[in-house]
1. Any idea what the relative contact order of the chain is, in percent, if you count C-alpha pairs under 8 Å spaced at least 6 apart?
2. Compute the Cα gyration tensor for the stretch 11-189, then decide on rounded, prolate or oblate, letting a ≥ b ≥ c be the square roots of its eigenvalues: rounded whenever a/c is under 1.5, prolate when a/b is larger than b/c in the other cases, and oblate in all that remain.
3. So, in the chain, how many Lys pairs have Cα atoms under 28 Å apart, if the pair is 8 or more places apart or on different chains?
4. Along the Cα-to-Cβ line of A50, 7 Å from the Cα, sits a label point; which residues in the stretch 1-23 have backbone N less than 19 Å from it?
5. Working only with C-alpha atoms, what are the Rg and Dmax values of the stretch 81-174, expressed in angstrom?
6. Among 127-135, 93-101, how do they line up by average Cβ neighbours within 10 Å per residue, starting with the highest?
7. Convert each backbone phi in the stretch 92-99 into a coupling constant with the Karplus relation 6.51 cos²θ - 1.76 cosθ + 1.60 (shift: θ = phi - 60°), then list the ³J(HN,Hα) values in order as whole Hz, x for Gly and Pro.
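Please treat every number below as a calculation from the coordinates, not as lab data. Not measured: the values here are computed from a predicted model. Glycine also receives a Cβ, built like all others from the backbone with ideal geometry; neighbour counts cover every protein chain displayed.
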Amino acid sequence: MVSLTNPGPYDALVVVDLQKDFLPGGSLAVPDGDRVVPVVNDLIKSFRLAHRPVFATRDWHPPKHCSFKQQGGTWPVHCVKNTRGAEFADDADIGDDVTIISKATEQDVESYSGFHRTDLASRLRSLGVKRIVAVGLATDYCVLHTVLDALDEDFGVAVVEDGIAAVEVEVGDARRAIERMRSAGAEVVAGLGVA
Ligand code: VGL
Ligand code: ZN
């Protein structure tokens with residue numbers, strides 16, 4: 001049976017922004033962000049075994065990106081390209097077989113979605129992908145907008161709650177983001193379950 005840990009021939013895994021700056025100790029740390037890493041690694045292993053594609057998006061900002069506070073934006077400096085904070089989590093199993101999608105690379109443009117001004121949609125289509133499984137950081141920003149854009153692009157989406165974590169600038173942002181993804185058509189599942 002096709003399941004998240006036994007992906008079918010039309011599935012791809014999309015790992016969103018699992019980068020050091022979003023993990024505890026990072027400049028824009030997501031509370032408990034490291035909780036998602038083993039779940040993400042289980043999924044990467046399953047997709048690899050099934051010869052299904054794995055994509056990892058990364059926030060890849062220039063040093064004066066418009067989203068940074070000193071540029072008039074919202075966020076502390078984070079994920080500046082080619083710095084340590086922009087690296088994938090050390091214990092994330094993001095190997096050479098994972099396709100990296102860099103986003104928000106232009107100084108004057110913010111992109112929460114991995115689909116925004118990238119070739120992710122066309123790459124997925126050329127691989128025959130019809131559904132993505134989405135995990136990563138952060139639930140209320142880049143996961144949310146990546147999922148909404150995927151649905152807009154007519155991909156099916158399954159989101160694994162144990163594999164995502166939220167910034168929660170306002171209490172309830174995580175819950176509201178999950179509700180928005182669900183009402184837009186994503187299937188939100190609690191976890192990978194017991195095998
Ligand atoms: C993100 C805030 C700013 C994210 C990226 O990956 O969710 N959040 N840049
Ligand atoms: Zn960012």
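1. Details: 421 pairs, mean separation 46.9, N = 195.
Worked out over the chain, it gives 24 percent.
2. On the way: a/c = 1.37, a/b = 1.30, b/c = 1.05.
Rounded, because the longest to shortest axis ratio a/c is under 1.5.
3. Going through the chain pair by pair, I get 14.
4. It comes to 1-16, nothing else.
5. Spelled out, the Cα radius of gyration and Dmax of the stretch 81-174 are 13.8, 40 Å.
6. On the way: 127-135: 20.6, 93-101: 14.7.
Top of the packing list down: 127-135, 93-101.
7. Running phi through 6.51 cos²θ - 1.76 cosθ + 1.60 with θ = phi - 60° gives 7, 8, 9, x, 5, 7, 9, 8 Hz.
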